[in-house]
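The values are calculated or read from the model by the stated rules, or taken from the named source; none is laboratory data. All figures in this text were calculated on a predicted structure; none of them were measured in a lab. Here the Cβ positions follow ideal geometry from the backbone for every residue, glycine too, while neighbour counts run over all protein chains shown.
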Amino acid sequence: MEGQKRRSSNKRIVILGAGYAGMFLATNIGRYFKGKEGEVILVDRNPYHQLLQEIHLVATGFRTANEVKIPILRLIDGMNINFIQSTAKQIRPDKNLVILESTEIKYDILIICLGASTKYFNIRGAKENSLPLRSISDASLIYDKVSSLIKSNKRHNIVIVGGGATGVSLGGALSDFIKDSKKTDSHSITIIEALPTILSGWDERLVKKVNEVLHKKGIRIMTRSPVTKVENCGSSIYLNDDDATKIHSSLTIWTAGVKGYDIRIDPEVEKTKDGKIIVNEFCQIDRYPNIFSIGDIAAVKDENQKLYPPLAQIAIRESKYLSKLIPKYFIDDRDVKSLPDEKFEYNIKVQLISLGNDDYVGLFNHYIIGGNLAKLVEEFVRSTYIKSLKSGGRDIIDARLYEDNIFSQLVSGITFARFTFMKWIEKKAQ
C-alpha cells in the first residue's frame, strides 16, 4: 500500500555494468534472492562478460575474442537475475530511475559499475591518431593492424604510450608475437611513460623484475617522457613541440590512462576531475544512500586517503564487500540510511602481470615469483574466478589469496596445491 514500508522481498536491485565488479556482484547477490520475490537486474551493452585482463593477448593473437568473453546468460543461468542488454544513458537519483537506450527502469538500490574509458589528458591529436585498448573490439583492431605491419617488408616501430599494467602487458605480448613471426630484426617496440617509472605504485622489486624481462625482450622503455602531441595518423609523436624530440611510429597505441565512464546523472553527484564518482568508505554516495559505485568508475579511498588503483582484484573485493552489505541491510529490511559497522578496506597482497604469451611475473606473500609458478598462480586465480561467478561466490577461494589471516592462507595454500597437482596430472596424460 502507498505510504507503507515496502517488504524486503520486493526490493529491486539494479546493477549497471557487467565487468569484473558488476558481474561478480550480480552473481553473489543473485543467490541471496533464490526463492524470494526480490529482483536483481543486470544491465550491460554487451551480451558477454569480458576478461579485460587478457585482451592484450587478443591484440597479439595468443587468444581469440571468444576465449576472453563469456555469455552473461550462461553465467546467470539458474540464478534470480534478469539481464537487460542495453546502454545506460541517464540516472535520475531523485526519481530512483535509470534511463536506458531501450527502456526505463525503477530501482530501490542502484550499483554503478560502468567501468572506465580511455583518458587522453587533452593532448593534441592523441585520440584522433592512436588506437586505444579498452575492449575486445579494440584488441581485434590492433591485431589486424599489427599483423599487417608484420607481413610487410619494411622496418616498423610500434609505440605504446603509457607504462601502466595494460601498456606493459601489451608490450611483452607484442614482442612474443613479433618473435614468433621470425621478423624480430625488422620491428621494434617502444613504451613511453610520463612518470619516472613504469607500473607506478607497484612494488619496487616487482617493477625492477618487469624492467629486466622487457629489456631482455628488446623493448625500449622511455620514462620521464610526457607526450605533448600526436600527428600524421600516429606516425609522429612529440615529447615537446619541436622536431628534435619527435618519435617516428608505424602504429601508436594509447594506454596512458583511464577516466570514469561518462554517464549522465541528474541531479549531479560529486565526481573527480577524471570523472570518477566519489563515494564514502562504504562505497556509497553520501547524497543518495541507496546508490553505490564500485570498480573503475568509482573513486574509493584507502586508509591513507589515496584512491585505490583500477585493478580487477580491487573491483572483485569491492563486489564481495557489497554482496554481504546489501543483503544484510535490504533483505533484512533495515534502514538504508543506517551505516554498516564494517567499512571497505583492502590491502593488496598479490600482484601479477602478464608479460607475454606464457610469461608472468608477480608478488605473492611478499616474494617475487616468475616462470611456471607465476603462470600457475595466474591460471589458478582465473579458473577460480570463473567458478565463483557460476556458483554465486561459493567457490571464492581465490579471494583468500589476498587475505592475511592464517586460516585464509592455509585454505588457499591447500587449494592451490590441489590445483597444481591436477595440472601436473593433465600434463602427464597428454
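Of the residues that make up segment 237-250, is at least one over 26 Å from PHE121 (Cβ atoms) and buried (at least 20 other Cβ atoms within 10 Å of the Cβ)?
Initially, segment 237-250 is screened for residues over 26 Å from PHE121 (Cβ atoms), giving none.
Taking every residue of segment 237-250 in turn, none turns out to be over 26 Å from PHE121 (Cβ atoms) and buried (at least 20 other Cβ atoms within 10 Å of the Cβ).
With the requirement that a residue be in a strand (DSSP E or B) and buried (at least 17 other Cβ atoms within 10 Å of the Cβ), what does segment 100-116 give you?
So in segment 100-116, the residues in a strand (DSSP E or B) come out as 100, 104-106, 109-112, 116.
Passing the criteria: LEU100, ILE105, ILE109, LEU110, ILE111, ILE112, ALA116.
Does segment 335-357 contain at least one residue that is modelled with pLDDT under 90 and either assigned to a helix (DSSP H, G or I) or of a type in the set (Phe, Trp, Tyr) (or both)?
For segment 335-357, residues modelled with pLDDT under 90 and either assigned to a helix (DSSP H, G or I) or of a type in the set (Phe, Trp, Tyr) (or both): present.
Filter segment 207-235 down to the residues that are part of a helix (DSSP H, G or I), modelled with pLDDT of 95 or more and more than 18 Å from ASN357 (Cα to Cα) and list them by number.
Selection gives VAL207, LYS208.
Does at least one position in segment 401-413 carry a residue that is crowded, with 21+ Cβ neighbours inside 10 Å, outside the structural domain of VAL279 (by TED's automatic domain parsing), within 28 Å of SER293 (Cβ to Cβ) and modelled with pLDDT under 80? It would help to see each step written out before you state the result.
Start the filter on segment 401-413 by keeping residues that are crowded, with 21+ Cβ neighbours inside 10 Å, which leaves 401, 412.
This time we only want the ones that are outside the structural domain of VAL279 (by TED's automatic domain parsing), so: 401, 412.
Right, trim to within 28 Å of SER293 (Cβ to Cβ) and you get 401.
Now narrow it down to the ones that are modelled with pLDDT under 80: 401.
Yes: segment 401-413 contains one or more residues that are crowded, with 21+ Cβ neighbours inside 10 Å, outside the structural domain of VAL279 (by TED's automatic domain parsing), within 28 Å of SER293 (Cβ to Cβ) and modelled with pLDDT under 80.
Scan segment 139-159 and report the pairs whose first residue is closer than 14 Å to TRP254 by Cα and among the hydroxyl-bearing types (Ser, Thr, Tyr) and whose second residue is crowded, with 18+ Cβ neighbours inside 10 Å and at pLDDT 95 or above, with Cβ atoms within less than 7 Å and a gap of 6+ or a chain change.
Hits for this filter: zero, empty list.
Here is a check on your reading of the model: is ILE191 surrounded by 18 or more Cβ atoms within 10 Å (Cβ to Cβ), assigned to a strand (DSSP E or B) and at pLDDT 95 or above?
On the way: surrounded by 18 or more Cβ atoms within 10 Å (Cβ to Cβ): yes; assigned to a strand (DSSP E or B): yes; at pLDDT 95 or above: yes.
Against the criterion (surrounded by 18 or more Cβ atoms within 10 Å (Cβ to Cβ), assigned to a strand (DSSP E or B) and at pLDDT 95 or above), ILE191 qualifies.
Give me the strands (runs of 3 or more DSSP E) completely within segment 240-286, filtered to those with at least 2 residues that are more than 18 Å from the chain's Cα centre (by Cα), ordered by residue number. Can you show your working first?
Values: elements: 246-248, 251-254, 258-260.
Hits in segment 240-286: 246-248, 251-254.
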